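Trainee: Dropping the structure in here first, questions after.
The values are calculated or read from the model by the stated rules, or taken from the named source; none is laboratory data. The model shown is predicted, which means the values in this text are computed figures rather than measured ones. Glycine also receives a Cβ, built like all others from the backbone with ideal geometry; neighbour counts cover every protein chain displayed.
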Amino acid sequence: MEIIERNSGLKREIIRITILTFAAFLYAFNINSFVSTGDLYPGGFAGVTILIQRIVTMFFDTSIPYTLIYVPINLIPVWIGFKYIGKKFTLYSLYVIVATSLLVDTLPLITITYDIVLIAVFGGILNGVSIGICLIVGASGGGSDFLSIYFSEKKGIDVWNYIFFGNVVILTVAGIIFGFNKAMYSILFQYAATQLIQTIYKRQQKQTFLVITEKPNAVYQKITELTHHDATLFKGEGLFEGKERNLIYSVVSAEETDKVNQGIKQVDPMAFTNILETRYVGGRFYRKPKE
């Protein structure tokens with residue numbers, strides 16, 4: 001994201017589109033190589049699209065282009081994005097949806113390996129990398145990504161269990177029709193993808209800062225300057241020396257952790273900082289709005 005923020009205007013947009021095009025290429029290549037060779041089913045709307053394609057091929061002996069399924073079923077999520085998430089974010093995401101679909105229909109089918117375990121693991125990794133890149137530069141791959149962002153950021157609801165249930169339904173239907181062997185390997189594919197996304201994209205993750213400092217006002221100003229988050233000051237007593245101590249408590253997104261930590265060191269090199277992983281935050285929490 002820094003490579004985009006360092007630029008402005010037309011150059012910034014060209015860089016963003018170039019990165020998103022690369023991500024769309026990776027996603028399409030993954031579908032036409034690992035997913036196709038292994039007969040796997042990605043999660044979300046891509047999995048629905050591939051399942052429909054294979055059902056039509058099996059029962060009606062015909063093929064439907066990926067684009068004619070994937071783009072239409074994304075129209076409702078795109079509408080949700082325009083209305084509730086952000087217009088620029090949705091336009092970039094729509095670009096990824098269309099670009100990915102067209103690339104899937106035009107790129108050749110390439111077999112890298114026939115080892116189903118390698119296909120599931122490395123296909124999942126490639127899937128997670130492509131989606132993670134989109135999220136980092138301010139877009140999504142469409143489908144369930146829109147729903148996840150809408151409910152988590154706008155409604156404060158964790159919909160992961162519902163998305164997981166939807167993926168289970170896809171795999172169950174695929175297993176009943178085509179056999180559970182490939183459907184079960186698809187679970188490994190989806191797990192690898194999810195782990196990569198969580199590693200790459202940290203906007204949804206939270207970290208708690210506990211800072212003992214002699215300069216509480218300076219530390220607080222630095223936190224708000226860097227993140228727009230508030231903080232709470234606690235007064236306590238250091239048991240070793242029996243002196244009054246200032247404890248600042250604040251929660252920030254994981255992607256802001258490093259710059260906040262460096263900022264605190266700048267204003268108070270002697271501050272004692274403890275950073276904790278935060279699983280849940282309820283109540284008011286500042287989230288940078290999407291464009």
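Trainee: Search region 33-62 for residues being in contact (Cβ under 8 Å) with a residue 40 or more places away in the chain and closer than 23 Å to TYR92 by Cβ, and hand back the single one that is surrounded by the fewest Cβ atoms within 10 Å (Cβ to Cβ).
Mentor: This residue is VAL48.
Trainee: Of all residues in region 179-199 being without any contact (Cβ under 8 Å) to a residue 60 or more places away in the chain and in contact with a Leu (Cβ under 9 Å, 6 or more places away or on another chain), which is nearest to PHE122 (Cα to Cα)?
Mentor: My answer is ILE187.
Trainee: Given (1) of a type outside the set (A, V, I, L, M, F, W, C); (2) under 28 Å from the mean Cα position of the chain (by Cα); (3) modelled with pLDDT of 90 or more, where does GLY282 come up short, assuming only one miss?
Mentor: With (1) of a type outside the set (A, V, I, L, M, F, W, C); (2) under 28 Å from the mean Cα position of the chain (by Cα); (3) modelled with pLDDT of 90 or more applied to GLY282, the lone miss is (3).
Trainee: Scan region 222-249 residue by residue and report those that are in a helix (DSSP H, G or I) and in contact (Cβ under 8 Å) with a residue 12 or more places away in the chain.
Mentor: Hits for region 222-249 are LYS222, ILE223, GLU225, LEU226, THR227.
Trainee: Could you tell me whether any residue of region 13-34 is within 23 Å of the chain's Cα centre (by Cα), closer than 22 Å to VAL169 by Cα and modelled with pLDDT of 90 or more?
Mentor: yes
Trainee: Tally the residues that are assigned to a loop (DSSP other than H, G, I, E, B) and in contact with a Leu (Cβ under 9 Å, 6 or more places away or on another chain), restricting the search to region 105-137.
Mentor: The total comes to 2.
Trainee: Go through region 69-84 and give me each residue that's in a helix (DSSP H, G or I) and touching a residue at least 12 places away in the same chain (Cβ under 8 Å).
Mentor: Those that are in a helix (DSSP H, G or I) and touching a residue at least 12 places away in the same chain (Cβ under 8 Å): ILE69, TYR70, VAL71, ILE73, PRO77, VAL78, ILE80, GLY81, TYR84.
Trainee: Using the structure shown, decide if SER186 is assigned to a helix (DSSP H, G or I), touching a Phe, Trp or Tyr at 6+ places or on another chain (Cβ under 7 Å) and surrounded by 13 or more Cβ atoms within 10 Å (Cβ to Cβ).
Mentor: So SER186 passes the test.
Trainee: Criterion first (assigned by TED's automatic domain parsing to the domain that holds PHE189 and buried (at least 18 other Cβ atoms within 10 Å of the Cβ)) does VAL98 satisfy it?
Mentor: no
Trainee: Please find, among VAL137, VAL121, the residue that is of a type in the set (A, V, I, L, M), in the same structural domain as TYR41 (by TED's automatic domain parsing) and under 30 Å from ILE177 (Cβ atoms).
Mentor: Just one listed residue meets the conditions, VAL121.
Trainee: Restricting region 35-50 to residues that are of a type in the set (Ser, Thr, Tyr) and either closer than 14 Å to ALA120 by Cα or outside the structural domain of MET184 (by TED's automatic domain parsing) (or both), which is modelled with the lowest pLDDT?
Mentor: Per the criteria, the residue is TYR41.
Trainee: Of everything in region 137-177, what is farther than 25 Å from ARG16 by Cα, of a type in the set (Val, Ile, Thr) and at pLDDT 80 or above? Give them in sequence order.
Mentor: If the condition is that a residue be farther than 25 Å from ARG16 by Cα, of a type in the set (Val, Ile, Thr) and at pLDDT 80 or above, then VAL168, VAL169, ILE170, THR172, VAL173, ILE176, ILE177 are the ones that fit.
Trainee: State whether one or more residues within region 51-69 are among the β-branched types (Val, Ile, Thr) and either in contact with a Phe, Trp or Tyr (Cβ under 8 Å, 6 or more places away or on another chain) or not assigned by TED's automatic domain parsing to the domain that holds GLY128 (or both).
Mentor: no
Trainee: Would you confirm, using the coordinates I've provided, whether TYR92 is modelled with pLDDT of 90 or more, assigned to a helix (DSSP H, G or I), under 20 Å from ILE200 (Cβ atoms) and not hydrophobic (A, V, I, L, M, F, W, C)?
Mentor: yes
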